[in-house]
Amino acid sequence: MNKNDTFDINQVLSVINEDTEFFPLLSSQDEEEMSKADIPEILPILPLRNTVLFPGVVIPITVGRDKSIKLVKEAYKGDKTIGVVSQKDMNIEEPTLEQLHKIGTVAHIIKVLQMPDGNTTVIIQGKQRFKITEMVATTPYLKAKVERVQEDKPKVSSKEFKALISSIRELALQIIQLSPNLPSEAGLAIKNIESPTFLVNFISSNLSLETDQKQQLLETKDFVKRAKNLLEHLTTEIQMLELKNQIQNKVRIDLDKQQRDYFLNQQLKTIQEELGGNTPDLEIQDLEKRAKTKKWSKDVQKHFEKELEKLARINPAAADYSVQINYLEVLLDLPWGEYTKDNFDLNRAVKVLDKDHYGLEKVKQRIVEYLAVLKLKNDMKAPILCLVGPPGVGKTSLGKSIARALGRKYTRMALGGVRDEAEIRGHRKTYIGAMPGRIIQSLKKAAASNPVFVLDEIDKIGSDFKGDPSSALLEVLDPEQNTHFYDHYVEMEYDLSKVLFIATANSLNTIQPALLDRMEIIEVNGYTIEEKIEIAKKHLLPKQLEIHGVGKKEVMLNNKVIEKIIEEYTRESGVRGLEKKIGSVVRGVATRIVMEKPYNPKVDAPLIEDILGAPIFDKDLYEDNEIAGVVTGLAWTSVGGDILFIESSLSPGKGKLSLTGNLGDVMKESAAIAMAYLRAHAEEFGINYKIFDHWDVNIHVPAGATPKDGPSAGITMLTALTSLFTQRKVKEKLAMTGEITLRGRVLPVGGIKEKILAAKRANIKEIILSKANEKDILEIKEDYVKDLKFHYVTKMSEVIDLALLKSKVKNAKDLDRFITA
């Protein structure tokens, strides 16, 4: 029994002692007289917020509402009889009939006290229960018609009833003993109560129950049923108190033990300082205890015990003590021989990879192959995969998906800008501030010896006077050597053969050849427009909506709108820039929602331009022209594919070749080879060889501020020169890529998928490629290239026949005298 919000048992007892007119310990005769007393047909109703009044029970209440104060004062001057009813919701200031419980208690006002803080306290005693039948007035206070509620009389003489009342009395006394906040006078009062009905009412009123639970007890007509319900509440209360006391005693015992251990530990440290640190330390005992749970080999265990003995000989006040402690804790924290179980459900792995990433079929196929072999053999050295591709195509996030598909832990190490070899192999622990290498630290963080380990940006690793980190990685990424990886700090060999290393790179040009040889290269090319649309709908838009707190139905992008964003506001192989633009669109809509501006949730092109501004890129980069000597080429860049124009022009001179457009050495060589081939085969193309001695040639590749290099422009330059000297126009919507030799052979080039994507963005319809590049086209989904026509060639003569029209352009009169019929 705890203190109620409006009830203090000390106040009741003080009133009992002071008021000579009131005797709290009702006899059965008093109770019977009270229950038979007449009640008025209409009673003033006093609503109570958070307590319930029971017949025979005295409680003090504080009245604060004007209506309640007026009711109490008028009733106190009259017959002192009022009706007390509990509110259903304590927060309602002016309750109506529907907001009050129907069953209440007729109360007699014993005293009205004016407290020093200005509040009015009323001491009331419950008489008998009643039921409200009708509300007759609400001013100046509530009045209602009431009727008596008769209580079912129990068989007092029965053994079961006596046992029930005895149990209630005993449990109530036990609760008083277990609760230090309750006064002992309460137990004395309970012992002296003779009436079973009053005993039940008194305990129900004082028990720590919710108002609804007390009201339920009041409304129960069957006394035996009410007594049994009270017994259940008492049993629950005493169990809670016993559990609470047990917890407090346990906490007190633990606290006493901690204080004792701390005192003894301080004394032990003092003794160790005096004796030179030869006494066993509690920290050493803790390290020994942790070592028993490790699954390491005998060699590692022997090494650990040797280092632990060394720690025991070191004075705790010495600087080497903390260094040795840190070293031993690293050995304990490493997951020696601890592996997570792989999930060999290939169908689930495929679903996980497809859900997280759209496209990237080659990578997904390789992971499924790895799982299949691992399931069959159950022991396989993990391959070293290297995902190579432009930024934003999902290389790093693939690592997380692979870890989820395999059911492995995931860890990542960013190699961009790493120049210190110790970052890989660790520092020797004799150095100040020594720590393990980042390989060991990542495994410690992953808490498993077979995680999916992503080596991010491996092409951007550097080297200086501190060593060559890329060479240090040779041991890590060699399946034949990483079974015995040696970290300078750990000073023990660690098995990395079960780790699935996944390296990422934008380019292979800067990776050390020996390191490149140890990895399995998987190209992660750019996405087609169709793939980008699907990625935007399935991944990017939902992600941005969640980040910005916008609902799915508040921003809806259809395929045409997404395609507009892709073509006019981004130029990339990946989707990183696309995600930023979609994020800008979502923020723009969020601003309109907050500012309550009208907008259409089905975002259209005008709203896109209003949010993102005018288009940044032209949708169709292909420039239709009537000028000979201009050819559209395809190029690969670090951010994906692009198209470029090879422009050539003639001017009177002595056959000088000029190259402009910030070209690299490879492109300059391609131009020189194209010019030499054309001069050698002028007769085949119907060109008078004398023309080369009377006209200067200028080849330009816009834009001049952008460096350009690579072998892909060989056939493009030769076609441009042939078109220029023959004045035959190049076919419309045609592009080409490939390298040439002096013999006129067309050689294959790389980056075909990125170049094809660039051609589609530029609305190119026909593409000329080397015959050897046909296999690259077959790897692209047929749906993505169905609108493109491919011409596969092996000789330059085939390129000229395919690319140039038979008729000359209109402005070819000046060259007629130099061109043979």
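Each of Arg761, Arg260, Arg592 was scored by other Cβ atoms within 10 Å of its Cβ. Listed from fewest to most, they are Arg260, Arg592, Arg761.
If we count every other residue with Cβ under 12 angstrom of Gln481's Cβ, Lys/Arg +1 and Asp/Glu -1, where does the sum land?
Values: positive: Lys381, Arg518; negative: Glu475, Asp478, Glu480, Glu493, Asp495.
That sum, taken over residues with Cβ under 12 Å, equals -3.
In a fully extended conformation the segment linking Met90 and Ser471 would gain 129.7 nm over its present Cα-Cα distance, using 0.36 nm per residue. Normalised by the number of residues in the stretch 531-612, the average gap of Cα pairs under 8 Å and 6 or more apart makes the relative contact order 39 percent.
In plain terms, the chain from Lys460 to Asp38 could stretch by 142.2 nm, reckoned as 0.36 nm per residue minus the Cα-Cα distance.
Measuring nothing but how far apart in sequence close Cα pairs (under 8 Å, 6+ apart) lie, relative to its length, the chain scores a relative contact order of 7 percent. Calculate how steeply helix 159-178 sits against the longest principal axis of the alpha-carbon atoms of the chain, using the helix alpha-carbon long axis, and give the answer as 0 to 90 degrees to the nearest 10. Here the helix axis deviates by roughly 70 degrees.
When the C-alpha to C-alpha distance is required to be over 31 Å, the pairs from Lys355/Lys775; Lys306/Lys375; Lys564/Lys806; Lys362/Lys581 that qualify are Lys306/Lys375; Lys564/Lys806. Shape descriptor for the stretch 297-421: Rg over Rh equals 1.14 (Cα atoms; Rh from the Kirkwood inverse mean 1/r).
Taking the Cα centre of each part, how many Å lie between the stretch 486-523 and the stretch 352-396? About 16 Å separates the Cα centre of the stretch 486-523 from the one of the stretch 352-396. With both labels modelled 7 Å from their Cα along Cα-to-Cβ, the Thr510 to Lys228 distance reads 8.3 nm.
Contour minus end-to-end for Lys310 and Ala137, with contour as 0.36 nm per residue of separation and end-to-end as the Cα-Cα distance?
Details: separation 173, 0.36 × 173 = 62.28 nm, distance 9.09 nm.
The Lys310-Ala137 span can extend by a further 53.2 nm.
Between the Cα long axis of helix 196-206 and the first principal axis of the chain there is an angle of about 40°, rounded to the nearest 10.
Only Cα pairs under 8 Å and 6+ residues apart enter the sum, and on that basis the relative contact order of the stretch 48-201 stands at 22 percent. Principal-axis analysis of the Cα atoms of the chain puts helix 9-18 at an angle of about 20° to the longest axis. Ordered by the number of other Cβ atoms lying within 10 Å of each residue's own Cβ, fewest first, Leu287, Leu188, Leu634 fall into the sequence Leu188, Leu287, Leu634.
Expressed to the nearest 5 percent, the antiparallel share of DSSP beta bridges inside the chain is 55 percent.
Can you tell me the order of 420-430, 145-155 when each peptide is scored by its average per-residue count of other Cβ atoms within 10 angstrom, highest first? Intermediate results must be reported in sequence, preceding the final value.
On the way: 420-430: 19.2, 145-155: 14.2.
Listed from highest to lowest mean packing, they are 420-430, 145-155.
Projected label points at Glu669 and Tyr339, each 7 Å from Cα along the beta carbon direction, are separated by 4.8 nanometres.
Averaging the Cα positions of each part gives two centres, and for the stretch 734-806 and the stretch 88-127 these lie 93 Å apart.
Every read-out reported here was derived from the displayed coordinates using simple, explicitly stated rules and does not represent laboratory data. Quick caveat: nothing in here was measured; it's all calculated off a predicted structure. Ideal geometry is used to build each Cβ from the backbone, glycine not excepted, and the neighbour counts take in all protein chains shown.
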